[in-house]
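The values are calculated or read from the model by the stated rules, or taken from the named source; none is laboratory data. Remember, predicted model here, so these are calculated numbers, not experimental data. Glycine also receives a Cβ, built like all others from the backbone with ideal geometry; neighbour counts cover every protein chain displayed. Just the protein is used for accessible areas: all its heavy atoms, side chains included, with ligands, DNA and RNA removed. Shrake-Rupley method; radii C 1.70, N 1.55, O 1.52, S 1.80 Å.
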Amino acid sequence: PSFVYSSSGLRQEKPPPIDWKALASRPFMTACIAYLAWAVTNGALIYYLPLYGKHRGVTNVGIFFTVYAVVNFSVRAYIPYLMKRIGRKPILLLAFCAVGAGTFDISRFHQIQNLIIPGILYGLGTSAIYTPLATQVVDYMPESQKMAALGIFMSHVDIGQGLAGVALGAMLQAVTYSEMFALISLVTLLAMIAVLLCPSAPSIDDDTGSKV
């Protein structure tokens, strides 16, 4: 429960009931599917890139995560500006292309320097995924459901990473690390389909914040 001020003083306010119809809407579901797909690739990197590196004779794959983090941090602040310039869908499609390309490029690495380009690609793609998807959730949700929707949306990171840890471990019984990363890059195609299936976003008036 939350508390609000009124003319009679501080009073407790009941949280609104969850609107399952709104949470089952196409804009919300496609945003969650796309974010889940990214989280699966992220889980693959977190859990299995160090093991793949040892298999290749590279004991420290930290350069990939360093490059990825620096690029992600450096670019993310410019994404809202790009969203106004070219729109949400083009950014997301390009972002998932970059994530897929970076993940696929990892499947071919043999030396530590081969992780730099994948780190740049993956960082560029990741930087342009969260903001458009999160604003998609906020734009289409009723005011009373925005916080619940964002919480559920964010939980798909944990679901995707956990799913990757279990499912890819089983997959490695049948394929090599290289083949696994090549195959997991195809998950981004699911995200791109989800982005294409989402209706266009409403325009937002910069001064009033209302949909126009």
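Residue selection: Thr66 satisfies the criterion of being of a type in the set (Val, Ile, Thr) and part of a helix (DSSP H, G or I). The set of residues from the stretch 164-175 being open to solvent by 70 Å² or more (accessible area, probe 1.4 Å) and either more than 23 Å from the chain's Cα centre (by Cα) or under 21 Å from Ala101 (Cα atoms) (or both) comprises Gln173, Ala174. Residue count for the stretch 54-77, restricted to those that are farther than 18 Å from Leu124 by Cβ and without any contact (Cβ under 8 Å) to a residue 24 or more places away in the chain: 4. Residues in the stretch 40-65 that are under 26 Å from Leu189 (Cβ atoms) and of a type in the set (A, V, I, L, M, F, W, C): Val40, Ala44, Leu45, Ile46, Leu49, Leu51, Val61, Phe64, Phe65.
Taking Ile46 as the residue in question, decide whether it is open to solvent by 60 Å² or more (accessible area, probe 1.4 Å), in contact (Cβ under 8 Å) with a residue 60 or more places away in the chain and part of a helix (DSSP H, G or I). Yes.
List the number of the failed condition for Thr66; all other conditions in (1) at pLDDT below 95; (2) surrounded by fewer than 17 Cβ atoms within 10 Å (Cβ to Cβ); (3) of a type in the set (Ser, Thr, Tyr) hold. The failed condition is (1).
Filtering the stretch 126-182 to residues that are assigned to a loop (DSSP other than H, G, I, E, B) and closer than 14 Å to Ala31 by Cα leaves Ala128, Ile129, Met141.
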